[in-house]
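Comments concern the structure below.
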Amino acid sequence: TLGMIVSHLDGPFYGPVMSGVEETLRKFNKHMIIASGFGKELEEKEAVEFLMSRQVDGLILLTEGLDSEYLQDLSKKIPIYLINQHVDGLENRNMWLDNNDGGYKATRYLIDQGHTEIVCIGGQNYKQDANERVEGYQWAMKEAGLTVTDKHIVRTNFEVEGGIDGMQKVWDSGLPYTAVVAGNDEAAFGIYKWAERNNRSIPNDFSVIGFDDILMANYVSPRLTSMHFPKFEMAKACAMMAYQEIYNKKAPGGVKFKTTIVARDSVAKR
């Protein structure tokens, strides 16, 4: 049996990750006990202690509140494998996404479509992936010689309400914009809702690009252009790495995954 800790048990992101791990392990007649830490340090540490008390053979972690020092110490007690995060000193146990490159490519795509006034509605400041996606946005804007001020970046949360609140702050600032880079797809759906409430049309009035390429991106109207996050493949690779090290004594090896653009209908040329 292996243990797995995720930040949340619901939502369109965590389901495919848990499915990828479970599907892979079941092929080898191994089972998984899942606990949630709700993205909070104390709860995630309690989840670790619970799973270790159940004498699991290893831990697969998709956490937000555990810092690198804690994870490095934990790795000395039990084999750990990290999904969607990278920790210095544990590179061979990291299965992570190049979020910086993804944020860059999302912004670069808008620039290539002729947009020069682009704002970013990013995720929470304490999230590693959110910070890296914002950094990617800044990188692309600077490379293109485009202006970025504090008003151009709004930090909110990776949820629909976060997208609504973030878009309202952009509107209240009076900053001109023709395109929005959303921190994730759920925030992008919030931007859609804000546009609907304010009689703004996507992409006629402004374009939107999301991040994660969750299932609903293909079913909203207009269909959402998004950065594809290979989360199912990442989860399978992490589970296989855990299985091979714990049960076949093979050395682990981390992998950095890349995003790809899935162009749909929410981005218009300028």
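Pairs are defined by a Cβ separation below 9 Å, a sequence spacing of at least 6 or placement on different chains, a first member in region 203-221 that is in contact (Cβ under 8 Å) with a residue 60 or more places away in the chain and open to solvent by 60 Å² or more (accessible area, probe 1.4 Å), and a second member that is part of a loop (DSSP other than H, G, I, E, B) and among the aliphatic types (A, V, I, L, M); the pairs so defined are ASN204/ALA268; MET216/LEU224. Set side by side, the residues VAL154, VAL148, VAL134 differ, and just one is assigned to a strand (DSSP E or B) and over 30 Å from ALA242 (Cβ atoms), which is VAL154. Screening ASP57 against (1) modelled with pLDDT under 95; (2) among the charged types (D, E, K, R); (3) farther than 28 Å from ALA130 by Cα leaves a single unmet condition, (1). Please go through region 175-196 and give me each residue that is touching a residue at least 12 places away in the same chain (Cβ under 8 Å) and either in a helix (DSSP H, G or I) or open to solvent by 40 Å² or more (accessible area, probe 1.4 Å) (or both), ordered by number. Result: PRO176, ASP185, GLU186, ALA187, ALA188, PHE189, GLY190, ILE191, TYR192, LYS193, TRP194, ALA195. Given the conditions (1) surrounded by fewer than 20 Cβ atoms within 10 Å (Cβ to Cβ); (2) not in a helix (DSSP H, G or I), report the number of the one that ASP172 does not fulfil. Tallying (1) surrounded by fewer than 20 Cβ atoms within 10 Å (Cβ to Cβ); (2) not in a helix (DSSP H, G or I), ASP172 fails exactly one: (2).
Taking ILE34, is it within 19 Å of LYS231 (Cα to Cα), out of contact with any Pro (no Cβ under 8 Å at 6 or more places or on another chain) and either open to solvent by 40 Å² or more (accessible area, probe 1.4 Å) or without any contact (Cβ under 8 Å) to a residue 12 or more places away in the chain (or both)? Yes. Annotation note: Cβ proximity below 6 Å between a residue of region 48-66 that is surrounded by fewer than 16 Cβ atoms within 10 Å (Cβ to Cβ) and a residue that is assigned to a helix (DSSP H, G or I) (sequence gap 6+ or interchain) occurs for ASP57/ILE246.
Please work out if ASN157 is closer than 30 Å to SER173 by Cα and either of a type in the set (A, V, I, L, M, F, W, C) or open to solvent by 30 Å² or more (accessible area, probe 1.4 Å) (or both).
Values: closer than 30 Å to SER173 by Cα: yes; either of a type in the set (A, V, I, L, M, F, W, C) or open to solvent by 30 Å² or more (accessible area, probe 1.4 Å) (or both): yes.
For ASN157, the condition - closer than 30 Å to SER173 by Cα and either of a type in the set (A, V, I, L, M, F, W, C) or open to solvent by 30 Å² or more (accessible area, probe 1.4 Å) (or both) - is met.
The combined condition, being modelled with pLDDT under 95 and either crowded, with 20+ Cβ neighbours inside 10 Å or more than 20 Å from LEU9 (Cβ to Cβ) (or both), is fulfilled by ASN84.
The values are calculated or read from the model by the stated rules, or taken from the named source; none is laboratory data. The structure presented is a predicted model; accordingly, all values stated were derived computationally and were not measured. Cβ sites come from the backbone with ideal geometry, for glycine too, and all protein chains shown count toward neighbours. Note: areas computed on protein heavy atoms with side chains; ligands, DNA, RNA excluded. Shrake-Rupley method; radii C 1.70, N 1.55, O 1.52, S 1.80 Å.
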